[in-house]
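Here's the structure we're looking at; comments come further down.
The values are calculated or read from the model by the stated rules, or taken from the named source; none is laboratory data. Computed from a predicted structure; not experimentally measured. Cβ sites come from the backbone with ideal geometry, for glycine too, and all protein chains shown count toward neighbours.
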Amino acid sequence: VVGIGPMEGSWRAQAQTAGVTDRLTFLGEVPDDGVLALYHAASLFVLPSTNRAETLGIVQLEAMACGLPLICTELGTGTSYVNQHGTTGLVVPPNDAPALATAINTMLASPELRRAMGEAGHRRVHAEFSIDAMLRRTLGFYQEALERP
């Protein structure tokens, strides 16, 4: 688990209660270059947010740029717009531990699925979220506004 926040103590307690502390590492705050190395060492990226304040999940874009398949929760925000279920990864309901576990196990059991979804995500992030793509859309918006009477 990368990062720190108000839920860290609760997560550590839950890990202890679940008996998974031997399989879970809390890395705390990691510098950007360290995060990049973690992306490249990972098999998949999981964003199990439960808070609608997670409007997009920039970390999903970072993971996609590194070729990782995603698992995220459906919050009714941009998280599942970024991660297209069945194409770039899997989307599960928030607060549904069995669904999250099933999605993780599905991904881990299939290197082919991870590869295909990771490649699709890599293509998507470059086509839709790169600086060039964002600039084209922004300029198009302004051009359209200028052409209106």
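All but one of (1) exposed (fewer than 14 other Cβ atoms within 10 Å of the Cβ); (2) free of Cβ contacts under 8 Å to residues at least 12 places away in the same chain hold for His85; state the number of the condition that does not hold.
(1)
I need the full set of residues from the range 29-70 which are of a type in the set (Ser, Thr, Tyr) and either over 21 Å from Thr102 (Cα atoms) or touching a helix residue (DSSP H, G or I) at 6+ places or on another chain (Cβ under 8 Å) (or both), in order please.
Hits for the range 29-70 are Tyr39, Ser43, Ser49, Thr55.
Which of the helices (runs of 4 or more DSSP H) contained wholly in the range 88-149 include at least 1 residues that are of a type outside the set (Lys, Arg) and either touching a residue at least 24 places away in the same chain (Cβ under 8 Å) or within 18 Å of Leu44 (Cα to Cα) (or both)?
Of the helices (runs of 4 or more DSSP H) lying wholly inside the range 88-149, those with at least 1 residues that are of a type outside the set (Lys, Arg) and either touching a residue at least 24 places away in the same chain (Cβ under 8 Å) or within 18 Å of Leu44 (Cα to Cα) (or both) span 97-109, 111-128.
Starting from residues that are under 13 Å from the mean Cα position of the chain (by Cα) and under 16 Å from Ile104 (Cβ atoms), keep the ones in the range 7-49 and report whichever is surrounded by the fewest Cβ atoms within 10 Å (Cβ to Cβ).
Across the range 7-49, the extreme among qualifying residues is Ser43.
Is it the case, given these coordinates, that Thr73 is surrounded by 19 or more Cβ atoms within 10 Å (Cβ to Cβ), among the polar types (S, T, N, Q), out of contact with any Asp or Glu (no Cβ under 7 Å at 6 or more places or on another chain) and over 15 Å from His126 (Cβ atoms)?
Taking the combined requirement at face value, the residue satisfies it.
Go through the range 37-64 and give me each residue that's charged (D, E, K, R) and assigned to a helix (DSSP H, G or I).
Glu62, the sole residue that qualifies.
Taking the criterion of being at pLDDT 95 or above, in contact with an Asp or Glu (Cβ under 9 Å, 6 or more places away or on another chain) and not charged (D, E, K, R), would at least one residue in the range 113-125 satisfy it?
For the range 113-125, residues at pLDDT 95 or above, in contact with an Asp or Glu (Cβ under 9 Å, 6 or more places away or on another chain) and not charged (D, E, K, R): present.
Looking at the range 65-87 only, could you name the residues that are in a loop (DSSP other than H, G, I, E, B), under 12 Å from Val46 (Cα atoms) and among the polar types (S, T, N, Q)?
Of everything in the range 65-87, just one residue is in a loop (DSSP other than H, G, I, E, B), under 12 Å from Val46 (Cα atoms) and among the polar types (S, T, N, Q), namely Asn83.
Looking at Ala109, Ala133, which one is surrounded by fewer than 16 Cβ atoms within 10 Å (Cβ to Cβ), modelled with pLDDT of 95 or more and out of contact with any strand residue (DSSP E or B) (no Cβ under 6 Å at 6 or more places or on another chain)?
Every option except Ala109 fails the conditions.
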